[in-house]
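> Dropping the structure in here first, questions after.
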Amino acid sequence: MQTEHNIRLTSAEISQLWPSYMNDSFSICFLKYFLNNVDDAQIRPVLEYALQLSQSHIPKLTAIFNKENFPIPYGFIEGEDIDINAPRLFSDSYYLRFLLRQSNIGLNAYSMAVALSVRSDVNSYYTECLTEIAKLHTMTTEVLLSKGLYIRSPYFPIPKNVEFVKEKSFLAGFFGDVRPLSALEITNLYSNIQRNALGTATLIGFSQVAKDAKVKEYLIRGRDIAKKHVEVFSQKLSKDNLPVPMAWDTDITESTTFTFSDKIMMFEVTSLNAIGMAFYGASLSTSPRRDLGLEYSRLMAEVGQYASDGAKIMIDNGWLEQPPLASDRDELANKQ
């Protein structure tokens, strides 16, 4: 029987640890660059705390990998993948929105990791990470609120009594008596608009400093897709006379100087594609109106194709670091 000190990592635990290392390696590079350019005295401590978290995670993850003789991911390296002394590309307000997005993603990722981790050291690590990211989320939200930059979702009337759905038209969305959006449907639309608006700003900045022509073309294509998705979701809110969040294109400077390597930018876009599809899937599953379901399905397919094309670019350039795979038993059997 295995005892606590020699229990091997499960596939579920490895599925969380490997991307954790990659994401913290990425975050360290970006946060160092942000800190080298930030002016706002309120935003700097939040960036410093975020950087401290990512830097503290790397040795802890490395220790777990070393215990298992698991190869340490290559990840990203300052000087190779980022020039922290490059001119400013994004504004201070962008840094806050970046942190809010990252902390939202972290809350989802770390809560899943806690649920999937059985080995005590891995479970303890992710439990600690979840507490840390919750603090970062609170810090970021408080600064955004203090500066009037936090975009709240629309206010909603409180129901006067409990009701049950009586008509199948509750599911309709194209013809006839189309019901108003539910609170959860509004939340999904609003959140997806904000994510795509920030994605648009990110891709505009990335496209200005990309060096490879195919990468630049890919980033511009992604910018246009994100803008279109913002318009689609905004129209759904506008039809119900609900406010639409603002865009953030003004958060980008005119710098075209090398700032990030094409490799690290493609990694970020690949990550955002995966996260976007996950949120679209969650939105689809909680939006009973048929028109919304159709839109989410269509837009997911578009993001899926875009993500596939991005993976091909990364593979062609040798940038896609392979995640841990199961053993190929057929290949092993044929080795004589």
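The values are calculated or read from the model by the stated rules, or taken from the named source; none is laboratory data. The structure displayed is predicted, hence computed values, not measured ones. Cβ placement follows ideal geometry from the backbone for every residue including glycine, while neighbour counts extend to all protein chains displayed. These accessible areas exclude ligands, DNA and RNA; they are computed on the full protein's heavy atoms, side chains included. Shrake-Rupley method; radii C 1.70, N 1.55, O 1.52, S 1.80 Å.
> Sorting Thr256, Thr202, Thr187 by accessible area (1.4 Å probe), largest first, what list results?
Thr256, Thr187, Thr202
> How high is the FRET efficiency between Glu128 and Ser297 when r is their beta carbon distance and R₀ equals 35 Å, given to the nearest 0.05?
0.40
> Can I ask one more? Using a 10 angstrom cutoff on alpha carbons, build the Gaussian network for the chain and name the most mobile of Asp262, Asp177, Asp309.
Taking springs between Cα atoms under 10 Å, the residue moving most is Asp177.
> Roughly how many Å² is the accessible area per residue of the range 24-90, as a whole number, for a 1.4 Å probe?
Here the residues of the range 24-90 average 43 Å² of exposed surface.
> Given a 1.4 Å probe and heavy atoms of the protein chains only, how would you sort Ile315, Ile82, largest accessible area at the top?
So, going from the largest accessible area down, we get Ile315, Ile82.
> Same structure again: If amide H atoms are built 1.01 Å from N in the plane of the peptide, which residues on other chains or at least 5 residues away come under 5 Å of the amide H of Ser261?
Correct list: Ile82.
> If you don't mind, another one. Treat each spin label as a single point 7 Å out from the Cα along the C-beta direction, and report the Thr257 to Thr141 distance in nm.
According to this spin-label approximation, the distance is 3.7 nm.
> Compute the length gained on full extension between Glu331 and Asp40: take 0.36 nm times their separation in residues and subtract their Cα-Cα distance, giving the result in nm to one decimal.
99.1 nm
> Could you calculate the contour length gain from Ser111 to Glu231, that is, 0.36 nm times the residue separation minus the distance between their Cα atoms, to one decimal place in nm?
Numbers: separation 120, 0.36 × 120 = 43.20 nm, distance 3.16 nm.
Using 0.36 nm per residue and subtracting the Cα-Cα distance, I get 40.0 nm.
> When only Cα pairs under 8 Å and 6 or more residues apart are kept, what is the percent relative contact order across the range 1-160?
It comes to 28 percent, rounded to a whole number.
> In the chain, which whole DSSP H runs stretch at least 30 Å along their own axis (Cα) and average 0.0 or higher on the Kyte-Doolittle scale? Please report the intermediate quantities before stating the final value.
On the way: long enough: 11-37 (40 Å, 0.04); 43-67 (37 Å, 0.12); 92-116 (36 Å, 0.32); 120-146 (39 Å, 0.04); 183-209 (40 Å, 0.36); 213-239 (40 Å, -0.64); 262-285 (34 Å, 0.75); 290-316 (39 Å, -0.20).
Flagged H segments are 11-37, 43-67, 92-116, 120-146, 183-209, 262-285.
> What does the accessible area per residue of the range 237-300 come to in Å², with a 1.4 Å probe and no ligands, DNA or RNA counted?
46
> How many percent of the accessible area of the chain is carbon or sulfur, using a 1.4 Å probe?
Here it works out to 57 percent.
> Could you sort Phe76, Phe279 by their accessible area in this structure, using a 1.4 Å probe and putting the largest first?
Output order, biggest surface exposure first: Phe279, Phe76.
> Right, here's the next one. With a 1.4 Å probe and every protein chain left in place, work out the accessible area per residue of the range 97-218 in Å², rounded to a whole number.
Result: 55 Å² per residue.
> At 1.4 Å probe size, with no ligands or nucleic acids counted, give the accessible surface of Asp330 in Å², nearest ten.
Answer for Asp330: close to 110 Å² accessible.
> Computed FRET efficiency, Cβ-Cβ of Tyr49 and Ala183, R0 35 Å: what is it to the nearest 0.05?
Efficiency, from the Cβ-Cβ distance: 0.60.
> Counting alpha carbon pairs within less than 8 Å and at least 6 residues apart, what relative contact order, in whole percent, applies to the chain?
Result for the chain is 19 percent.
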